[in-house]
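The values are calculated or read from the model by the stated rules, or taken from the named source; none is laboratory data. Please read these numbers as outputs of a predicted model, since none were measured by experiment. Please note: Cβ atoms are built from the backbone with ideal geometry, for glycine as well, and neighbour counts cover all protein chains shown.
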Amino acid sequence: MFTVRVYGTGSKGNCAVVSDGETTVMIDAGKLPVDVMITDINAVLITHEHSDHAKYSLLLGRKYMREIYATKGTLCHIETYISCPVSYGQAFYIGTLAITPFPLSHDAAEPCGFFIRNGIGETLVWCSDTGTMDGLQMDKPADCYVLEANYDEDDIDERLENGDLPYDGLHGRLTSEFGHLSIQQAAAWLKENARPDSHIIILSPHRETIDGNEQLFSSFHSVQFPDIFPYSFIFGAKCPF
């Protein structure tokens, strides 16, 4: 069984801890978990080099001797102490977990998501900053999906029309294919690729992204929406699933 605990998402820092009960990995190091012994974490996975995802990579290696797994492109742009380069489509192993990086579409050197399989065959997809999900290929749906969705297309269009949001570089970066998923894009992709009983975690730094959009995920039986920021709890009654 997987447990997922998220300690931050958004520009203030991204960090989560994923465990199958035997092996524990940290995903991203833009902030540090507040109630986990770092020495209990077997390794750290970094999705890309932006500081809100990789700020503490060097500290985790130098102070705690944690291995940092990331693509070569990412490792070229961050400071680390124990670097473990990984490649798209090539599985690597940490304890009981088989982890396969897959390409994401983001304005970073070589960003990746992670497809994680535990020793009894349960699977988890981790996908943070990306404008599309085209880089992930699966033979069958996963048991758990963690996707970041940063904006509501209708809301952002309305705010632009009303003049409440400037049409600037930030807006363009957010909505481009090298930016972030919208809640609508995440829902559409999940409808095509997830099972009705898949456990789905939607990460968003803005609560309003989630409010009013529950109907987009009505075909899924186990959707759990986060209530507060920062997120520092295990999501949902069905996680572990």
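Looking at GLY236, GLY212, just one residue is at positive phi, surrounded by 13 or more Cβ atoms within 10 Å (Cβ to Cβ), at pLDDT below 70 and in a loop (DSSP other than H, G, I, E, B), and that residue is GLY236.
When residues in region 92-119 are screened for being among the β-branched types (Val, Ile, Thr) and free of Cβ contacts under 8 Å to residues at least 24 places away in the same chain, 1 of them pass. Per the listing ASP20, ASP28, the residue uniquely touching a residue at least 40 places away in the same chain (Cβ under 8 Å), charged (D, E, K, R), within 18 Å of SER204 (Cα to Cα) and surrounded by 20 or more Cβ atoms within 10 Å (Cβ to Cβ) is ASP28. Could you tell me which numbered condition LEU104 fails, if it satisfies all but one of (1) closer than 24 Å to ASP40 by Cβ; (2) surrounded by 21 or more Cβ atoms within 10 Å (Cβ to Cβ); (3) not β-branched (Val, Ile, Thr)? Unmet for LEU104, out of (1) closer than 24 Å to ASP40 by Cβ; (2) surrounded by 21 or more Cβ atoms within 10 Å (Cβ to Cβ); (3) not β-branched (Val, Ile, Thr): (1).
Filter region 42-54 down to the residues that are surrounded by 20 or more Cβ atoms within 10 Å (Cβ to Cβ) and either in contact (Cβ under 8 Å) with a residue 60 or more places away in the chain or part of a loop (DSSP other than H, G, I, E, B) (or both) and list them by number. Those that are surrounded by 20 or more Cβ atoms within 10 Å (Cβ to Cβ) and either in contact (Cβ under 8 Å) with a residue 60 or more places away in the chain or part of a loop (DSSP other than H, G, I, E, B) (or both): LEU45, ILE46, THR47, HIS48, GLU49, HIS50, HIS53. If you filter region 61-86 down to residues that are out of contact with any helix residue (DSSP H, G or I) (no Cβ under 7 Å at 6 or more places or on another chain) and hydrophobic (A, V, I, L, M, F, W, C), you find that the one that is surrounded by the most Cβ atoms within 10 Å (Cβ to Cβ) is ALA70. Confirm whether TYR69 is among the aromatic types (Phe, Trp, Tyr) and within 21 Å of THR3 (Cα to Cα). Yes, satisfied. Criterion first (part of a helix (DSSP H, G or I), modelled with pLDDT of 65 or more and under 19 Å from SER11 (Cα atoms)) does LEU160 satisfy it? Spelling it out, it is not the case that LEU160 is part of a helix (DSSP H, G or I), modelled with pLDDT of 65 or more and under 19 Å from SER11 (Cα atoms). In region 175-193, the residues that are in contact (Cβ under 8 Å) with a residue 12 or more places away in the chain reach residues that are of a type in the set (A, V, I, L, M, F, W, C) with C-beta atoms within less than 6 angstrom, at least six apart or across chains, in these pairs: HIS180/LEU174; LEU181/ALA149; ILE183/ALA149; ALA186/LEU147; ALA186/ALA149; ALA187/LEU216; ALA187/PHE217; TRP189/MET133.
For region 80-90, check the following and say yes or no: at least one residue is within 21 Å of GLY8 (Cβ to Cβ) and more than 15 Å from the chain's Cα centre (by Cα). The answer is yes, given that some residue of region 80-90 is within 21 Å of GLY8 (Cβ to Cβ) and more than 15 Å from the chain's Cα centre (by Cα). When each of PRO196, PRO166 is tested for being surrounded by fewer than 16 Cβ atoms within 10 Å (Cβ to Cβ) and modelled with pLDDT of 80 or more, the lone residue that passes is PRO196. Residue selection: TYR69 satisfies the criterion of being without any contact (Cβ under 8 Å) to a residue 40 or more places away in the chain and either among the charged types (D, E, K, R) or not in a helix (DSSP H, G or I) (or both).
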